[in-house]
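Scroll down for the structure; my scribbles are underneath it.
The values are calculated or read from the model by the stated rules, or taken from the named source; none is laboratory data. The model shown is predicted, which means the values in this text are computed figures rather than measured ones. Here the Cβ positions follow ideal geometry from the backbone for every residue, glycine too, while neighbour counts run over all protein chains shown.
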Ligand code: X2X
């Protein structure tokens, strides 16, 4: 009897040890989160918020560490998606531009002169296009949540005001090494120069390029672009959203409670980030949201355009006719990339944009 009791005790103990070891092994010591920029950008603030929320809600069990400034992919931002697929990176908060060389559907946002306002972008996010994109990423091995944003991309340069395609002739414009950007700038007569973000600021400083394109609140204000460039054209020529992506094996290894926490935290962090990237640029909703929630965060602007003017930048906006001239020149780019993206997705996009 005594022996039986002892065996039972040992078995119970073994079971207990097994269970506790098993559940401890569910979590890695650290989950690596890739971020192209630093914490002083809305994008980086969104990364920090995601990390904090998950840590708080899992009582520290899911320990996500943000690697800012593209550390995990050694400066080559177009490698990030492949590394995420393969599990060298566990998670990333990233721009669709950095992944669109590998995921052709993501080029939908980079179709030049296709979108003009946030109404259209919101329709994409909440419509079938957004869903299609997130499903596509999942099929490629990355569970993804949307939508944060870098924003509408605007061109700056050190040479001259840009209000017509002719003004771009011969201008060396730094772009991320993503094919659709070469097509767009070649169609406009400019000279696109591929340069990873990690070396871009030095490139601006040394005048290796004459210009660059990035979102105003997302990047241009945080890097004080007025130190390098004097002219900006607010042409909203394409859109740059952010998503949080998680390697599918890493995701599948989380229990459903943890998955719910991560999903909820990703969505909240992206929403907050989106407000930071829109403040003072939309109809006032973003700034109101931030004020109401006491969340003005890393910076606060009633009017970011006035702010860059106060820094000495010359701001150009386009008349409808000027916008049409750029749009006409880039028609072959849209025609080519519509095919690459695929007719199915393109039709879904048009449907979402109907009436916007
Ligand atoms: O490299 C850029 O221009 C940046 C920071 O906007 C992206 O990562 C797409």
Expected single match for within 14 Å of the ligand (Cβ to nearest atom), surrounded by fewer than 22 Cβ atoms within 10 Å (Cβ to Cβ) and closer than 19 Å to residue 298 by Cβ among 69, 75, 46 is 69
Tell me yes or no: at least one residue of segment 126-133 is modelled with pLDDT of 95 or more and not in a helix (DSSP H, G or I).
yes
Scanning segment 262-279 residue by residue, those in contact (Cβ under 8 Å) with a residue 24 or more places away in the chain and crowded, with 18+ Cβ neighbours inside 10 Å turn out to be 262, 265, 266, 269, 270, 272, 273, 274, 276, 277, 278, 279
Residue 145: passes all of (1) within 15 Å of the ligand (Cβ to nearest atom); (2) assigned to a strand (DSSP E or B); (3) farther than 20 Å from residue 117 by Cβ but (1)
Those residues of segment 48-99 which are over 16 Å from the mean Cα position of the chain (by Cα) and part of a strand (DSSP E or B) amount to 64, 65
Pairs returned, first residue in segment 221-250 that is under 17 Å from residue 113 (Cα atoms), second residue that is modelled with pLDDT under 95 and surrounded by fewer than 24 Cβ atoms within 10 Å (Cβ to Cβ), beta-carbon separation under 7 angstrom, 6 or more apart or interchain, are 236/116
Here, helices (runs of 4 or more DSSP H) confined to segment 214-301 with at least 1 residues that are within 16 Å of the ligand (Cβ to nearest atom) are 256-278
Checking 214, 202, 260, 227 in turn, the sole residue that is more than 23 Å from the chain's Cα centre (by Cα) and at pLDDT 95 or above turns out to be 227
Taking segment 167-192 and keeping residues more than 10 Å from the ligand (Cβ to nearest atom) and in contact with a helix residue (DSSP H, G or I) (Cβ under 8 Å, 6 or more places away or on another chain) leaves 168, 173, 180, 183, 184, 185, 187, 188, 189, 190, 191, 192
